[in-house]
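The values are calculated or read from the model by the stated rules, or taken from the named source; none is laboratory data. The structure presented is a predicted model; accordingly, all values stated were derived computationally and were not measured. Please note: Cβ atoms are built from the backbone with ideal geometry, for glycine as well, and neighbour counts cover all protein chains shown.
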Amino acid sequence: MGQTIVEKILSGHSGRKVHAGDIALCDIDFAFAQDGTAPLVIKAFYEMGGDDVFDSNKIAFVIDHSSPSPNEGVSALHKMMRDFAHEKGIQLFDIGSGVCHQVIPESGRIRPGDLIIGADSHTCTYGALNAMATGVGSTELAAVLYTGKLWFRVPSSCKIILEGNLPKATSAKDVILFLIGKIGADGANYQSIEFTGSLLRNLDMAGRFTIANMVVEAGAKCGFFFCDEITREWLTRYVDGEICSVTPDPDANYERVIEYDLSSLMPQVALPHEVDKVLPVGDVAGLKIDQAFIGTCTNGRLEDLRIAASILKGKKIDKKIRLIVAPASKRVLLSAIEEGILQDLIEAGGCLVTPGCGCCVGTHNGVPADGERVLSTANRNFKGRMGNKNSEIYLASPATVAWSALKGKISDPREFFE
Amino acid sequence: MKLVGKAHRFGDDINTDLIISGKYKFKTLDMEELSKHLLEDLDPDFFKKIKKGDFIVAGKNFGCGSSREQAPLVIKYAHISAVLASSFARIFYRNAINVGLPLVECDTSKIDEGDNLVVDLEGGKVIDQTKQEEIDITPLPSFMIEILSAGGLVGYIKENRGWRI
Ligand code: SF4
């Protein structure tokens, strides 16, 4: 029987041919944790009898969630991470480096066909690079640091075929919001998604990362893009040596095949408090906002800041609202400075915060007040996500957020592009 | 292993931010303290209502959202003996087993708030004593039961000095 991408990668890492439903014990190529999860990793590592890590070159810690530290509790946890990283000789991406899911691919740690484990649910982002990457909890990550291995139940696969050309003013974020709206927050629960179709031929790596980043919002374990010229071109900037690729067999078995032609896709918005409550922007246009946020591992890349700047350049955001901008990494920040993007965003009224998670997860950098409404480029709008359960979070693309920031209310970015 | 307690009823898609808000979890590793905030955005008094051994009973996709292990941990520290749901989110499912919190996948649609339940993990059934009904449960793979019996993955790895699959 033929194999899907995930079946091939898990077979390769477990030393036997596996199919969906099998349990496989696999060797891990790279593992990491961030400051929300690493402290528990360290605790569990010692409790389970850990001493040396299995391979210090295959592990990293990233301080991005509350970075720099907003209070003494967090400072103690950050110190714990720094001490452990130093003692075990593992790489530490300290404050200001950026969000783990941008920093790690940029550090050249991800290659097609790799098996990556992260103590963060959006680890699935690296599927954009044709790698199997998935999030686990702290204790499992500790077991990986100790043994270099982890068990997997081989997931069944869902093939999503995307056809057509994206209309102006829409982007990868609209694609993935639309898909999640269609299949639901558990529409791909336990599954591996393979993306294919003509639409992807013109989709840059930033867009692929955005889509892969959010597959977990449909419950998926991982999501894959194929390794093509666009992937190779991106990778050669960060990794040396030959780049392989993993493709499914022609007779591979899919539990579900979904096909969409997105030639007339409209900009999409996810409504509070569920990521799958998705409507075309026109249906919610006019709703006043208090805070706009451009950043996160979903949409804090250079391409995202660039489109926002192209909309905001030479203009001023609405007086009643604030705009927070968090570049996804130091590299993104530096490029944005060099291109003048940052100047445009700040002159338009944007407030720049440290590369990292920004206000995405409610730890610092822009917690909304009671009754306030936030329009964000992030991936989650759960109640209380940004630190206040009495606020509302709407999710949209960088173009929609930037255009809405100008207007002070949720607005259709097609008005700008026309 | 037979567990006995009352049902506390919740709906579908209960996510990890609802279980324990990020604003607490980044501050401390003190699970006793965190557990007081369990599900407080849905029910501010929930922690006070729990009697040792009680169950959380929910609909589909329980535990969706982040990979924070604090979510199953705070449930365990709040003295909930198991979570029953019609389905669980993937990472939460793994995390719960790894921290030694039993999960029961079964049809929860007929269980109401306050029902007296007996959960028989080995026997593969839930008995709703209030309704006098029996519900079949989806059995766990054997190595997961081994992890649960070791009190979680820490105990399992310590005992076996690695994996035994
Ligand atoms: S940016 Fe938000 S979603 Fe991404 S890793 Fe940080 S907290 Fe998680």
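Key figures for this structure:
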{"quantity": "Residue in the stretch B:25-35 that is more than 13 Å from chain A (Cβ to nearest Cβ), buried (at least 16 other Cβ atoms within 10 Å of the Cβ) and in a loop (DSSP other than H, G, I, E, B) present", "calculated": "no"}
{"quantity": "Selection from the stretch B:59-106 of residues that are hydroxyl-bearing (Ser, Thr, Tyr) and over 10 Å from the mean Cα position of the chain (by Cα)", "calculated": "B:SER66, B:SER67, B:TYR77, B:SER86, B:SER87"}
{"quantity": "Matching residues in the stretch A:272-291 - criterion: being more than 14 Å from chain B (Cβ to nearest Cβ), in contact (Cβ under 8 Å) with a residue 24 or more places away in the chain and more than 16 Å from the ligand (Cβ to nearest atom)", "calculated": "A:VAL278, A:LEU279, A:VAL281, A:GLY282, A:VAL284, A:ALA285, A:GLY286, A:LEU287, A:LYS288, A:ILE289, A:ASP290"}
{"quantity": "Qualifying residue in the stretch A:43-61 (condition: within 19 Å of A:VAL136 (Cβ to Cβ) and in contact with an Asp or Glu (Cβ under 6 Å, 6 or more places away or on another chain))", "calculated": "no"}
{"quantity": "Boolean, A:ASP344 is more than 12 Å from the ligand (Cβ to nearest atom) and within 14 Å of another protein chain (Cβ to nearest Cβ)", "calculated": "no"}
{"quantity": "Candidates A:PHE382, A:PHE417 - the one that is hydrophobic (A, V, I, L, M, F, W, C), at pLDDT below 95 and under 18 Å from the mean Cα position of the chain (by Cα)", "calculated": "A:PHE382"}
{"quantity": "Matching residues in the stretch A:37-48 - criterion: being in contact with a helix residue (DSSP H, G or I) (Cβ under 6 Å, 6 or more places away or on another chain), away from the ligand (no atom under 16 Å from the Cβ) and either polar (S, T, N, Q) or more than 7 Å from chain B (Cβ to nearest Cβ) (or both)", "calculated": "A:ILE42, A:PHE45"}
{"quantity": "Identity of the residue in the stretch A:1-21, closer than 14 Å to A:ASP249 by Cβ and aliphatic (A, V, I, L, M), that ends up farthest from the ligand (Cβ to nearest atom)", "calculated": "A:MET1"}
{"quantity": "Residues that are at pLDDT 95 or above and within 13 Å of another protein chain (Cβ to nearest Cβ), drawn from the stretch A:209-221", "calculated": "A:MET214, A:VAL215, A:VAL216, A:GLU217, A:ALA218, A:ALA220, A:LYS221"}
{"quantity": "Counted residues, the stretch A:279-297 - those being among the small types (Gly, Ala, Ser), outside any helix (DSSP H, G or I) and over 25 Å from A:ALA206 (Cα atoms)", "calculated": "2"}
{"quantity": "Flag for A:VAL269 being away from the ligand (no atom under 16 Å from the Cβ) and buried (at least 23 other Cβ atoms within 10 Å of the Cβ)", "calculated": "yes"}
{"quantity": "Search result, residues across the stretch A:366-381 that are assigned to a loop (DSSP other than H, G, I, E, B), more than 11 Å from the ligand (Cβ to nearest atom) and in contact (Cβ under 8 Å) with a residue 40 or more places away in the chain", "calculated": "A:GLY366, A:PRO368, A:ALA369, A:GLU372, A:ASN381"}
{"quantity": "Residue pairs meeting the criteria (Cβ under 7 Å; at least 6 apart or on separate chains; first of a type in the set (Lys, Arg), in the stretch A:228-254; second in a loop (DSSP other than H, G, I, E, B))", "calculated": "A:ARG232/A:ILE243"}
{"quantity": "Breaking point among (1) out of contact with any Gly (no Cβ under 7 Å at 6 or more places or on another chain); (2) farther than 21 Å from A:ALA185 by Cβ, for A:ALA328", "calculated": "(1)"}
{"quantity": "Pairs where the first residue, in the stretch A:316-338, is more than 14 Å from every other protein chain (Cβ to nearest Cβ) and the second is away from the ligand (no atom under 16 Å from the Cβ) and acidic (Asp, Glu), C-beta under 6 Å, 6+ apart", "calculated": "A:ILE321/A:ASP290"}
{"quantity": "Qualifying positions in the stretch B:72-89 - assigned to a helix (DSSP H, G or I) and either crowded, with 24+ Cβ neighbours inside 10 Å or among the β-branched types (Val, Ile, Thr) (or both)", "calculated": "B:PRO72, B:LEU73, B:VAL74, B:ILE75"}
{"quantity": "Enumeration of residues in the stretch A:230-250 that are assigned to a helix (DSSP H, G or I) and either among the hydroxyl-bearing types (Ser, Thr, Tyr) or crowded, with 18+ Cβ neighbours inside 10 Å (or both)", "calculated": "A:ILE230, A:THR231, A:TRP234, A:LEU235, A:THR236"}
{"quantity": "Wholly within the stretch A:1-92, strands (runs of 3 or more DSSP E) carrying at least 3 residues that are without any contact (Cβ under 8 Å) to a residue 60 or more places away in the chain", "calculated": "A:59-62"}
{"quantity": "Boolean, A:ALA206 is within 14 Å of chain B (Cβ to nearest Cβ) and within 16 Å of the ligand (Cβ to nearest atom)", "calculated": "no"}
{"quantity": "Elements of type strands (runs of 3 or more DSSP E) contained in the stretch A:111-229, each with 1 or more residues being surrounded by fewer than 24 Cβ atoms within 10 Å (Cβ to Cβ)", "calculated": "A:115-119, A:149-153, A:157-163, A:192-196"}
{"quantity": "Output for the stretch A:303-331, where each listed residue is among the aliphatic types (A, V, I, L, M) and more than 16 Å from the ligand (Cβ to nearest atom)", "calculated": "A:ILE307, A:ALA308, A:ALA309, A:ILE311, A:LEU312, A:ILE317, A:ILE321, A:LEU323"}
{"quantity": "Test result for A:ILE23, aliphatic (A, V, I, L, M), away from chain B (no Cβ under 11 Å) and surrounded by fewer than 24 Cβ atoms within 10 Å (Cβ to Cβ)", "calculated": "no"}
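Per-residue answers, yes or no, for (1) more than 16 Å from the ligand (Cβ to nearest atom); (2) of a type in the set (S, T, N, Q); (3) farther than 23 Å from A:THR125 by Cβ:
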| position | (1), (2), (3) |
| --- | --- |
| A:ILE23 | yes, no, yes |
| A:ASP35 | no, no, no |
| A:SER56 | yes, yes, yes |
| A:ASP64 | no, no, no |
| A:GLY73 | yes, no, yes |
| A:GLU87 | yes, no, yes |
| A:GLN102 | no, yes, no |
